[in-house]
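Colleague: This structure is in structure tokens; I'll ask about it shortly.
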Amino acid sequence: METNEFINCIEEYIKNLDLSVADLEALGASLNALGYLIIYYGARTETCDLITNNEVDITPAKLLLLGQVIIVVGYLILWLASTKRFYSIKLKVDYLERLRWLSSYKKLERSYIISSFANFLRLEAFYEIFIERNLNVNKDE
């Protein structure tokens with residue numbers, strides 16, 4: 001394989017990788033937005049329930065838990081996208097001799113994994129709240 005042909009193959013691979021990364025980033029960000037929207041709806045449901053003193057079909061705790069699950073998945077997808085983005089940038093540096101600041105992309109990757117862990121802890125807390133509220137409801141019946 002000639003050098004130019006090899007470089008063309010690498011460029012095509014990187015282009016396709018970047019396209020898949022962009023799709024993953026869009027999916028992760030969309031899931032985060034959806035998760036936060038569900039949490040917002042849960043907060044509004046709780047407010048409505050407190051004002052009207054009514055039981056609602058779906059509890060705010062269920063909505064918070066559902067929203068947080070979606071957010072955790074969103075951040076995990078964003079972390080996966082950031083690892084692929086780092087790999088893409090590294091290929092550009094190694095094979096195409098393009099100057100990039102790899103450390104910035106590594107920081108981004110690390111920040112998404114830290115966000116994933118932080119949101120997983122929040123998920124655990126929402127789950128405990130959900131269980132506690134269900135136990136209290138069952139005691140009252």
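Colleague: What is the helix-to-structure angle for 3-52, meaning the angle in degrees between its Cα long axis and the longest Cα principal axis of the chain, kept from 0 to 90 and rounded to the nearest 10?
Modeller: For 3-52 against the chain, the angle is about 10 degrees.
Colleague: Could you give the length gained on full extension between N134 and S111, defined as 0.36 nm per residue of separation minus the Cα-Cα distance, in nm?
Modeller: Gain on extension, N134 to S111, equals 4.9 nm.
Colleague: Let me ask something else about it. Residues of segment 77-92 with amide nitrogen under 15 Å from the 7 Å Cα-to-Cβ point of D18?
Modeller: Residues 84-92 qualify, since their backbone N sits under 15 Å from the label point.
Colleague: With just the Cα atoms of the chain, tell me how far they stretch along each of the three principal axes, in Å, largest first.
Modeller: Computed over the chain, the largest-to-smallest principal extents equal 77, 22, 20 Å.
Colleague: Just going by the charge dipole of the chain, with Lys and Arg at +1 and Asp and Glu at -1 on Cβ, which of A22, Q68, V93 is farthest out on the positive end?
Modeller: V93
Colleague: For E11, project a label point 7 Å along Cα to C-beta. Then give me every residue of segment 82-114 with its amide nitrogen under 14 Å of that point.
Modeller: 92, 95-98
Colleague: Straight-line reach from K84: which lysines have a Cα under 18 Å away, not including same-chain ones fewer than 8 places off?
Modeller: K15, K92, K106, K107
Colleague: Follow-up question, since we're still on this one. Roughly how large, in nm² to one decimal, is the mean projection of the convex hull of the alpha-carbon atoms in segment 1-83?
Modeller: For segment 1-83, averaging the hull's shadow over all directions gives 6.1 nm².
Colleague: Probe radius 1.4 Å, ligands and nucleic acids ignored: give me the carbon and sulfur share of the accessible area of the chain as a rounded percent.
Modeller: 60 percent
Colleague: Among the lysines, select those whose C-alpha is under 25 Å from the C-alpha of K62, and discard any that sit fewer than 8 residues away in the same chain.
Modeller: Qualifying lysines at Cα under 25 Å: K139.
Colleague: Could you check which residue among V72, V21, V93 shows the biggest mean-square fluctuation in a GNM of the chain with a 10 Å Cα cutoff?
Modeller: In this elastic network of the chain, the residue with the biggest mean-square fluctuation among V72, V21, V93 is V93.
Colleague: Next question. Could you do me a favour and compute the accessible area per residue for segment 22-116, 1.4 Å probe, result in Å²?
Modeller: 62 Å²
Colleague: Of the GluC sites (Glu not before Pro) in segment 25-112, which ones lie in a loop per DSSP and count no more than 14 other C-beta atoms within 10 Å?
Modeller: E55, E97
Colleague: What is the angle, in °, between the Cα long axis of helix 60-96 and the longest principal axis of the Cα atoms in the chain? Nearest 10 is fine, range 0 to 90.
Modeller: Approximately 10 degrees, to the nearest 10.
The values are calculated or read from the model by the stated rules, or taken from the named source; none is laboratory data. Because the structure is predicted, anything quoted here is derived from the model rather than measured. No Cβ is skipped: glycine too gets one built from the backbone with ideal geometry, and neighbour counts run over all protein chains shown. Calculation scope for accessible area: heavy atoms of the full protein, side chains included, ligands and nucleic acids excluded. Shrake-Rupley method; radii C 1.70, N 1.55, O 1.52, S 1.80 Å.
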